[in-house]
Each structure stands twice: as structure tokens, then as C-alpha cells.
Amino acid sequence: MESGYINTSDYKSVWFEVECDPPTATSQQKGAMRCGNGIRFFTKPHVAKAKADLTAMFQPFGPSEPLKGALRLRLDFRFPMRKSETKARRALGVIMHDKRPDLDNLAKLTIDVMAGLNWFKDDAQISRLELSKSWSISPGISGKINVI
């Protein structure tokens, strides 16, 4: 695992690299239950576990104080190669991922965790978002967030 934090008078940036199998649960997978006259929403156990795992992984990499101003966030989700991949495709090292989970939902869960760890005050600060997901021989999550 690697990470870094740069804080100078004119530039702020946080970057991280976590070797893991990215979670397939997303923040969109909430449950609903009917109670009396209304509906009660709850977080499903596998989503809560994914959020707790991400929190534990990202905890050491956060900035000492929340980043302020407009932010640019880049996230790369690298899932482990499927067993069905041929040797020729595995030799490429990285193959674009076109299956579930949806990339925007993966990003939302990750951004919620970052906000919960006080990397920034509000996810509305993110004015530029760059996302990618792929199958890879070296699975993990990498990202960079900087003030723009």
C-alpha cells in the first residue's frame, strides 16, 4: 500500500494506492421496509461491510485537515482478472470492465467514505470527477484528489 499527501502554500493534493479487491456493493443498494403508515430505509449488511472496509483502508491516507475549495477527484477501480480470461488477454495486464457494478455507484460509495473521513467538507466541492474501472492482474483502488 502506498499513499501520499502534499501540502504547500499553493498546492494541495492527496493520492493513494490500495491493493485490494474493490467492493462490488454500492450505496444504491439500500433496503426498504414497510412500518405502519410509512417506509423505513436501512443499509443492507453487505453495503455496511463494504463501507467499513473502505473506511479502514482509506483512514491512514487522509489529509490532516479537510480540503477546501473546488476539488478534482480521480478514481481507478481495478478488479481481479476473471478466471475465464485467456492467456493472451491476461498478458495485456488490464482489460476495460464493462459489467456490474456501475461505475457511478462505486464512486458514490467511495466519495461518501472520503467525506465521512473528513477529506473534504461536502461532496458538492468535487467539480471534476474522472473515473475508470478495469479487470487487472494487480487489483486495487487508486486515486488522487487535488484542490483546483
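Each reported figure results from applying straightforward, stated rules to the coordinates on display, with no laboratory input. Worth saying up front: this structure is predicted, and the values here are computed from it rather than measured. Because the Cβ atoms are built from the backbone with ideal geometry, glycine has one as well, and the counts that use them run over all protein chains shown.
Under a GNM of the chain (C-alpha, springs under 10 Å), which listed residue has the highest mean-square fluctuation: Ser64, Ser27, Ser84?
Greatest mean-square fluctuation among the candidates belongs to Ser84.
Considering only DSSP beta bridges with both partners in the chain, what is the antiparallel share in %, to the nearest 5?
70 percent
With a/c under 1.5 counting as rounded, go ahead and sort the chain into rounded, prolate or oblate using the C-alpha gyration tensor (a ≥ b ≥ c being the square roots of the eigenvalues; past the cut-off, prolate if a/b is larger than b/c, else oblate).
The shape class here is oblate.
Which of the trypsin sites (Lys or Arg not before Pro) across region 46-75 are loop residues per DSSP, with 14 or fewer other Cβ within 10 Å?
When the trypsin sites (Lys or Arg not before Pro) of region 46-75 are filtered for loop state and at most 14 Cβ neighbours within 10 Å, Lys68 remain.
Using helices alone, what [θ] at 222 nm do you get for the chain, with -39,500 (n - 2.57) per DSSP H run of 4 or more residues, divided over all residues and rounded to the nearest 500?
Numbers: 3 runs with 33 residues, N = 148.
For the chain, the value works out to -6500 deg cm²/dmol.
Obtain the nm distance between the two label points defined at Arg82 and Asn105 by a simple spin-label model: each point lies 7 Å from its Cα along the Cα-to-C-beta direction.
1.8 nm
What does the charge add up to near Gly116, with Lys and Arg as +1, Asp and Glu as -1, over the other residues with Cβ less than 11 Å from its Cβ?
-1
With +1 on each Lys and Arg Cβ and -1 on each Asp and Glu Cβ, and nothing else charged, work out how big the dipole of region 79-148 is about its Cα centre, in Debye to the nearest 20.
Numbers: 12 positive and 8 negative charges, 101 e Å.
The dipole of region 79-148 has a size of about 480 debye.
Calculated FRET efficiency, Arg128 and Lys30, Cβ-Cβ r, R0 30 Å, to nearest 0.05?
0.65
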